[in-house]
């Protein structure tokens with residue numbers, strides 16, 4: 001059986017998953033608690049990384065070095081960057097991009113990661129297909145596409161429009177592409193599944209606070225079923 005690492009940024013994104021782990025074993029590294037055990041017959045490691053790209057990258061790298069997972073899944077909530085996705089809908093990542101990586105004054109395209117010369121990191125096709133199949137089977141409205149990541153809670157309709165136009169992104173968050181970056185350099189397949197908490201506009205802070213708990217709950221059963229399907 002495969003070993004799956006699951007990362008969420010906040011307690012609300014992973015607390016219910018932790019409750020589903022049989023025979024949990026806990027270890028704290030760099031202030032991050034990693035809980036290892038079983039969901040069904042699959043070995044899982046669940047961790048709350050903390051919010052933002054640095055915490056997410058640190059968590060992913062520790063998880064890879066300490067537990068050598070076959071796959072890493074990033075789950076949680078995100079903001080919509082398209083009118084086709086609304087609160088409690090689900091996004092399945094096909095690619096991720098760090099939109100705030102910007103060396104364009106040197107002639108580079110915005111989003112380019114220097115050294116590896118990549119803008120987009122591809123999510124694992126197999127994981128994407130499995131997630132989409134589970135979502136369809138549970139009659140949950142979802143869309144797959146590009147997720148844009150930056151160290152900013154998106155609260156700006158102008159930025160929403162720019163990210164959609166410049167990168168083709170349908171959702172925005174603060175961790176996915178950092179995890180994708182780490183998985184890429186370690187040759188670990190990764191998948192992203194997130195539920196919409198807000199629309200990234202000037203009311204996103206209010207909408208987020210009203211929906212975050214419900215949105216986070218949407219993905220729990222999907223990730224649980226994924227762990228039994230890989």
TODO: Compute the Rg to Rh ratio over segment 93-230 from the alpha carbon atoms, using the Kirkwood formula for Rh, and round to two decimal places.
DONE: 0.98
TODO: Count the DSSP beta bridges whose two residues both fall in segment 3-227, then state the antiparallel fraction as a percent rounded to the nearest 5.
DONE: 40
- [ ] Calculate the radius of gyration of the Cα atoms of segment 51-93 to one decimal place, then report Dmax, the largest Cα-Cα distance, as a whole number, both in Å.
- [x] 13.8, 41
TODO: Using label points projected 7 Å from each Cα along Cα→Cβ, tell me how many nm separate residue 38 and residue 106, to one decimal.
DONE: 5.0
- [ ] For segment 9-53 and segment 132-210, compute the distance between their C-alpha centroids and round to whole Å.
- [x] 21
TODO: Report relative contact order for segment 1-123 in percent, whole number only (criteria: Cα-Cα under 8 Å, sequence separation at least 6).
DONE: 24
TODO: Normalising by the residue count of the chain, find the relative contact order in percent from Cα pairs under 8 Å and 6+ residues apart.
DONE: 28
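Output the peptides 69-78, 171-180, 12-21, 152-161 sorted from most to least packed, where packing is the average of other Cβ atoms within 10 Å over each peptide's residues.
Descending packing order for the listed peptides: 171-180, 69-78, 12-21, 152-161.
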Task: Range of Cα positions in segment 156-230 per principal axis (Å), largest first - done: 38, 29, 16
TODO: Determine the relative contact order of segment 74-128: mean sequence separation of Cα pairs under 8 Å and six or more apart, normalised by residue count, in whole percent.
DONE: 31
- [ ] Could you tell me the largest-minus-smallest coordinate of the C-alpha atoms of the chain on each of the three principal axes, in descending order and whole angstroms?
- [x] 50, 39, 31
Task: Stokes-Einstein D (µm²/s) once Rh is taken as the Kirkwood radius of segment 22-145 over alpha-carbon pairs, at 20 °C in 1.002 mPa s - done: 126
TODO: Using only C-alpha positions, report the orientation-averaged shadow area of the convex hull of segment 91-162, nm², one decimal.
DONE: 6.3
Open item on the list: Only bridges whose two residues both fall in segment 1-131 count here: according to DSSP, what percent of them are antiparallel, nearest 5?
Closed with: 60
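Bear in mind these aren't lab numbers, they're just calculated from the coordinates by the rules spelled out. None of the values given here were measured: they were computed from a predicted structure. Here Cβ is always computed from backbone atoms with ideal geometry, including for glycine, and neighbour counts include all displayed protein chains.
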